[in-house]
Amino acid sequence: MARQRKNTRNASGSGSIRQRKDGTWEARFSVGRDPGTGKIIRKSVYGKTQAEVRRKMNAAIHEVDTGTYKEPSRMTVADWLDVWVETYTGNLKDRTRAMYRGYIDTRIKPNIGAVKLSALDAPIIQRMYNGLQDGSRPLSPKTIKNIHGVLHKALKQAVEIGYIRVNPADSCKLPRTEKQEINPFTEDQIKSFMQEVHGHPFESLYLTALFTGMRQGELLGLSWRQVDFDAGTILIDQQMQIVDREYKIVTTKSSKPRRITPASFVMEQLRRQRIKQAEWKLAAGSVWEDSGLVFTNEIGHHLARETVYSNFKRLAAAVGRPDARFHDLRHTYAVSSLRAGDDLKTLQDNLGHYTASFTLDVYGHVVEEMKKASAARMDALITSIAQ
């Protein structure tokens, strides 16, 4: 006896689902009425399971209700990217969404935005990547990888809701990303930097960075609420970032808070900063901005990233490191921490890395150097005993 096909009406009445003769499923839904005939216009999406087509149908109906639906056969890549950012990235941080939008508007749309979504294929995308790498102003492999990540996610969603059958970005080849070599300060450079920074308005900020490994955004967003002088700890649960051209307090990079116990030297620097800030507040009077932040200017306003960075570059150049980046203070802390005897797990927790394997990947060469030094010390001990 022939198998009876199933047909279920969507609960809202705006669509229906049926199983086809070949075992696959089809969902039909309305996208409005033809302005000429007044007849209802129906569209279909397909999938291997009833749950799959229901998900695709509900997503399409949502787009119809919000006015963002566009027939896949007529939709361009630019059209779909706009829909995707608006509809499917609401779970991301504001800064991440802004970064995605930046890649889309400045890199992807100018190159392939006019291509019909249904006509987009791997060679078209590959030519874009090649052009971004080999053009008059070539992008780094890491930036191209980031652009690919955004485009791939958008196209993956288009596959899931049935706009395209496969993701054409799957088979593209990305330029090889070279691992960036870290270049921390040497012990002599650390000593010189500490001398050079003495008395500088940002002395406490730079020394806190040097001896805690906190990121620049975490330092700029550090509030007195997070500093526990009695326990000698710092809670790192927020950072300051530029989002849509405005400074905003957001969650940390991993979205996971961490509590560190820095050296007493760091806590003393923060005590000095609090005293200095109290003097500024008294002098500023009514113009004082009570931001609650640890590192501010003389009227309590938050510091600008560019100001902190440019001052750091001048100080670094003065100690023979004009090539140094602010992030190298973080690397310097990490390397010093390992050489002081901290284990990888402790360092991972202090830096806020997601996994210890990532910490090992970045600083593994330091661990190998320490192993070789340990072996040399053991050889020396064995030799002295054997004599």
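Our summary gives the range 292-369 a relative contact order of 16 percent, counting only alpha carbon pairs under 8 angstrom and 6 or more residues apart. Once backbone amide H atoms are built at 1.01 Å from N, Ile299 has no partners under 5 Å, excluding neighbours fewer than 5 places away on the same chain.
Past 29 Å, Cα to Cα: identify those pairs from Lys153/Lys253; Lys191/Lys256; Lys21/Lys116, in the order given.
Numbers: Lys153/Lys253 20 Å; Lys191/Lys256 33 Å; Lys21/Lys116 31 Å.
Long pairs (Cα-Cα over 29 Å): Lys191/Lys256; Lys21/Lys116.
Relative to the longest principal axis of the Cα atoms of the chain, the long axis of helix 203-212 lies at roughly 70 degrees. In the range 84-238, taking the dipole from charged Cβ atoms about the Cα centre, the farthest positive-side position among Ala154, Ile125, Trp224 is held by Ile125.
In a reduced charge model with +1 at each Lys and Arg Cβ and -1 at each Asp and Glu Cβ, the range 129-239 shows a dipole moment near 860 debye about its Cα centre.
Among Leu92, Leu222, Leu315, which one shows the biggest mean-square fluctuation in a GNM of the chain, springs joining Cα atoms closer than 10 Å? Comparing Leu92, Leu222, Leu315 in a Gaussian network model of the chain, the most mobile one is Leu92.
If you run the Gaussian network model on the chain, springs between alpha carbon atoms under 10 Å, then out of Lys109, Lys276, Lys93 the most flexible one is Lys276. Taking the chain as a Gaussian network, Cα atoms linked when under 10 Å apart, which of Arg28, Arg20, Arg215 shows the biggest mean-square fluctuation? Maximum among the listed residues: Arg20. Taking the charge dipole of the chain about its Cα centre, with +1 at Lys and Arg Cβ atoms and -1 at Asp and Glu Cβ atoms, the residue from Ser136, Leu293, Thr87 reaching farthest to the positive side is Thr87.
Between rounded, prolate and oblate, where does the range 64-106 land on the alpha carbon gyration tensor, with a ≥ b ≥ c its root eigenvalues, rounded for a/c under 1.5, else prolate if a/b exceeds b/c? Taking the square roots of the gyration eigenvalues as a ≥ b ≥ c, the range 64-106 is oblate.
Charge dipole (Cα centre; +1 on Lys/Arg Cβ, -1 on Asp/Glu Cβ; no other charges) of the chain amounts to roughly 2400 debye. State, to one decimal in nm², a quarter of the convex hull surface area for the C-alpha atoms of the range 149-241, i.e. the direction-averaged projected area. Value for the range 149-241: 11.1 nm².
When the label point is put 7 Å from the Cα of Arg274 along its Cα-to-beta-carbon vector, which residues of the range 215-233 have a backbone N closer than 20 Å? Only 219-233 fall inside the zone, counting backbone N under 20 Å.
With the convex hull constructed from alpha-carbon coordinates only, the range 223-352 shows a mean projected area of 9.8 nm² over all directions.
Helix-only arithmetic for the chain: the sum of -39500 (n - 2.57) across DSSP H runs with n ≥ 4, divided by the residue total, places the mean residue ellipticity at 222 nm at -15500 deg cm²/dmol. When only the Cβ of Lys, Arg, Asp and Glu is charged (+1, +1, -1, -1), the dipole of the range 22-102 relative to its Cα centre reaches about 100 debye. Relative to its residue count, the range 160-300 spans a Cα convex hull of 192 Å³ per residue.
Full extension of the chain between Val115 and Arg137 gives 5.6 nm of extra length, using 0.36 nm per residue less the Cα-Cα distance.
The angle between the Cα long axis of helix 77-88 and the main principal axis of the chain comes to about 70°, on a 0 to 90 degree scale. Toward the positive end of the charge dipole of the range 235-356, with +1 on the Cβ of Lys and Arg and -1 on the Cβ of Asp and Glu, the farthest Cα among Ala340, Ala318, Leu235 is that of Ala340.
Helix 94-103 and the long axis of the chain differ in direction by around 70°, with both axes built from C-alpha atoms.
Sorted largest first, the spans of the alpha carbon positions of the range 44-176 along the three principal axes are 47, 31, 23 Å.
Between amide H atoms placed 1.01 Å from N, distances below 5 Å from Ile41 occur with Val31, Gly32, Arg33, Asp34, all of them 5 or more places distant or on a separate chain.
Among the protein heavy atoms of the chain, carbon and sulfur supply 51% of the accessible surface, probe 1.4 Å, non-protein parts ignored.
The values are calculated or read from the model by the stated rules, or taken from the named source; none is laboratory data. Keep in mind that what you see is a predicted model, and the values were worked out from it rather than measured. Quick reminder, even Gly has a Cβ in these numbers, built from the backbone with ideal geometry, and neighbours come from all protein chains shown. Remember, those area values only see protein heavy atoms, side chains included, never the ligands or the DNA or RNA. Shrake-Rupley method; radii C 1.70, N 1.55, O 1.52, S 1.80 Å.
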